[in-house]
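Step one of this worksheet: look at the structure below.
What follows is calculated from the coordinates using simple rules that are stated; it is not laboratory data. Note that the structure is a prediction, hence the values are computed from the model and not measured. We place every Cβ from the backbone using ideal geometry, glycine too, and count neighbours over all the protein chains shown.
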Amino acid sequence: MVEVEITTEFIKLDSFLKFTGAVTLGSEAKFFIQSGEIKVNGEVETQRGKKLYKGDQVEFQGEIYKVK
């Protein structure tokens, strides 16, 4: 599990994927999210603007990222 610290109240899912380096472009994030390849707290998430808060977990390509 990779813990990722944010300094704001929340971060949007597409921005989080770029911030962690899981994807390099916003268009990549959009593609993976809309394809149903991202799970947030164990459930498939298809909204790019989904707000992530501290304690949330994002699963992508076998890796788990925890918002800290």
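Okay, here's what the table says:
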| item | result |
| --- | --- |
| Residues that are free of Cβ contacts under 8 Å to residues at least 40 places away in the same chain, in a helix (DSSP H, G or I) and surrounded by 12 or more Cβ atoms within 10 Å (Cβ to Cβ), drawn from the stretch 20-47 | G26, E28, A29, K30, F31, F32, I33, Q34 |
| Selection from the stretch 1-19 of residues that are in contact (Cβ under 8 Å) with a residue 40 or more places away in the chain and part of a loop (DSSP other than H, G, I, E, B) | M1, E5, I6, E9 |
| Top-ranked residue in the stretch 48-68 [being assigned to a loop (DSSP other than H, G, I, E, B) and in contact (Cβ under 8 Å) with a residue 40 or more places away in the chain; ranked as nearest to V2 (Cα to Cα)] | K68 |
